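Nothing in this text is a laboratory measurement; each read-out follows from the coordinates by a stated rule. Computed from a predicted structure; not experimentally measured. Backbone-built Cβ (ideal geometry, glycine too); neighbour counts: all protein chains shown.
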Amino acid sequence: MKSVRLMAVHAHPDDESSKGAATTARYAADGHEVLIVTLTGGERGDILNPAMDRPGIKENIEQVRRDEMAAAAKALGVEQHWLGFVDSGLPEGDPLPPLPEGSFAAIPIEGPNRALVEVVRDFKPHVMITYDEHGGYPHPDHIRCHEVSMEAYEKAGDPEAYPGTGEPWTVSKIYYTHGFIRKRMQLFSDEFDNHGMDNPFKEWLARWDERRNIDDLMARVTTQVECGDYFGQRDDALRAHATQIDPNGVFFAVPLEWQRRLWPTEEFELAKTRVKTSIPETDLFAGIED
């Protein structure tokens, strides 16, 4: 197949490296055009790596996160575009405080909708990746990311919609990325036990079982993309986001050999399609002809 274009839409810098990253690296390596669209600058992200909690980082966090994003995109071999909205932060408390004025999830949605449609019409992706209706997890920017991505999928090809944003372009398919798969975590947990090693997943799985309201997203998965050869690039991209990712954290607890042997895929849900395909899929471009 000739080059097909893939666009992954993410809320913050670092999301592209923790959600579907090896898949985007694989398609880029295969010669396809891959564009990461980052909706906000991640300005309100906490510093989660103790080694980066030092003078000059928090004061310059916007530029630091831009530099991190550039390094991550290089590691994955993809292009990246900033949409330019301001991180909403993750509100905490009961009741929840209002979102910061002017932040991405607080402003009228028409502006982000128009901005993303313009990028879609310019890049002309055949396939888009975004988050499900819950945002993957209930961060206000992730939920808004879902909303604007679905609007772009629906309206980018409508010549009556968003005049002045370029020629219409119809996207063929849009997927949700799913990472919290219980069976995957259980396989890794069992492997730690089999080797008599400290198991970082045991408590996590126990909490999952206690909270019976947590869905097993594997039931929603339609598409598994083989991408184990690119897990190293994914991890390099994660480490590039040094303010957000602790290199000694759980992201890197499972040896790559185990991951490639036990679960060498990333998981997606085909949300909408305008082309005929068969489920289950092993390729995001299934059903798309040149």
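Please verify whether Ala73 is of a type in the set (Gly, Ala, Ser) and in a helix (DSSP H, G or I), treating the condition exactly as stated.
Answer is yes for this residue.
Considering only residues that are without any contact (Cβ under 8 Å) to a residue 12 or more places away in the chain and part of a loop (DSSP other than H, G, I, E, B), look in segment 250-276 and name the one that is farthest from Tyr153 (Cα to Cα).
Here the answer is Pro255.
Going through segment 31-50 one residue at a time, which ones are in contact with an Asp or Glu (Cβ under 8 Å, 6 or more places away or on another chain) and over 19 Å from Cys145 (Cβ atoms)?
Within segment 31-50, Glu33, Ile47, Leu48, Asn49, Pro50 qualify.
Could you identify the single residue in Pro13, Pro108, Pro91, Pro100 that is assigned to a loop (DSSP other than H, G, I, E, B) and without any contact (Cβ under 8 Å) to a residue 24 or more places away in the chain?
That would be Pro108, the only listed residue that is assigned to a loop (DSSP other than H, G, I, E, B) and without any contact (Cβ under 8 Å) to a residue 24 or more places away in the chain.
Testing Ser189 on (1) at negative phi; (2) of a type outside the set (Asp, Glu); (3) in contact (Cβ under 8 Å) with a residue 24 or more places away in the chain, one condition comes back false. Which one is that?
With respect to (1) at negative phi; (2) of a type outside the set (Asp, Glu); (3) in contact (Cβ under 8 Å) with a residue 24 or more places away in the chain, Ser189 is out only on (3).
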